[in-house]
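Here the structure is laid out as structure tokens; the discussion comes afterwards.
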Amino acid sequence: MPGRLPTQSDFPSKITLSITPPPSSQQPTNVLVLLHGLGDTNAPFTKLGQQLSLPETACIAVRAPEPLPFDLGGFHWGDDLVFDQSTGDMDVDTGFKTSTRIVLESIIREGLIGKCGYRSREIMIFGFAQGAMVGLQVAAELEEYELGGVVSIGGVLSLSLPLKALEKKSRTPVLVCKGSRDSAVSDSAVAKLKDAFEFVEIKEWKKTGDGMPSSREEMLPIMQFFARRLRSNQGVPTGSVELT
């Protein structure tokens, strides 16, 4: 039986998220979990899921659990909030135990797999910056399952990732998109990703920094990745068995 469209009641009420059904009343064969960056909310990623309009795919945009201080607005995924004393910038990597538990346990294991009937292979994650770090950690710690894939925009593995998550390489394929200059995705970060995942694809954009894709050219590798990994039941005869 294919998974059903998730509802708010499938997840703990303390988690703020939005659910976008597949286009044209299609069967939700896949689920894409969208994780925003530091200082943002799930609202822009709700809109992103609507704009992507991926066939047979429901989108769930999740808001990070912790609000920023000083009425700055927006939320963050870290276990702590640390400011760089020299620049005043917030440290992106402060550990993600709480956020990983929310996405891995409450959303994926208990909600999507346990209540909605999805297989892990039918679940993908798209994350930006700090949200991408959470998505990568979730995939690395999901030892017994292979996700459909993780798209990381400028996100790397946290330095606090449990060592046990690196003992056995995850079979979840990963696409990492990064800027050609001033990127958080360093050579050492790529090496750590390849230690944790069997399949890692790096796409370098010709721009400074790791901002969200802003052109058709930048979106193309992401859409190609989705096309390879999203499953489809349209046009498949009833009772057919998919060969993997």
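Quick notes
- Residue within region 173-180 that is at pLDDT below 95 and part of a loop (DSSP other than H, G, I, E, B) present: no
- Within region 2-26, being in contact with an Asp or Glu (Cβ under 6 Å, 6 or more places away or on another chain) and surrounded by fewer than 16 Cβ atoms within 10 Å (Cβ to Cβ) holds for no residue.
- Residues being over 21 Å from M212 (Cα atoms) and either without any contact (Cβ under 8 Å) to a residue 12 or more places away in the chain or part of a loop (DSSP other than H, G, I, E, B) (or both) - total across region 41-67: 4
- Positions within region 143-155 being outside any loop (DSSP other than H, G, I, E, B) and in contact (Cβ under 8 Å) with a residue 60 or more places away in the chain, in sequence order: G149, V151, I153
- Boolean, T41 is surrounded by fewer than 20 Cβ atoms within 10 Å (Cβ to Cβ) and touching a Phe, Trp or Tyr at 6+ places or on another chain (Cβ under 8 Å): yes
- Only one of the numbered conditions (1) touching a strand residue (DSSP E or B) at 6+ places or on another chain (Cβ under 9 Å); (2) over 28 Å from E218 (Cβ atoms); (3) at pLDDT 95 or above is violated by P12, and that is (1).
- Those residues of region 189-203 which are among the acidic types (D, E) and under 16 Å from the mean Cα position of the chain (by Cα), in sequence order: E201
- Applying the condition of being outside any helix (DSSP H, G or I) and farther than 16 Å from G37 by Cβ to region 85-107 and asking which residue is modelled with the highest pLDDT yields G95.
- L136 modelled with pLDDT of 95 or more and either farther than 26 Å from A196 by Cα or assigned to a helix (DSSP H, G or I) (or both): yes
Conditions (1) in contact (Cβ under 8 Å) with a residue 24 or more places away in the chain; (2) aliphatic (A, V, I, L, M), marked per residue:
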residue	(1), (2)
E141	yes, no
L157	yes, yes
L166	yes, yes
S170	yes, no
L175	yes, yes
A184	yes, yes
A191	no, yes
V200	yes, yes
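- You will find that of P23, P2, the residue that is under 12 Å from L112 (Cα atoms), modelled with pLDDT under 95 and over 19 Å from the mean Cα position of the chain (by Cα) is P2 and no other.
- Output for region 124-159, where each listed residue is out of contact with any helix residue (DSSP H, G or I) (no Cβ under 8 Å at 6 or more places or on another chain) and surrounded by fewer than 22 Cβ atoms within 10 Å (Cβ to Cβ): E144, L159
- Breaking point among (1) crowded, with 17+ Cβ neighbours inside 10 Å; (2) in contact (Cβ under 8 Å) with a residue 40 or more places away in the chain, for S120: (2)
The values are calculated or read from the model by the stated rules, or taken from the named source; none is laboratory data. Just so we're clear, the structure is a prediction, and the values are computed from it rather than from any experiment. Methodologically, a virtual Cβ is constructed for each residue, glycine included, from the backbone with ideal geometry; neighbour enumeration extends over all protein chains shown.
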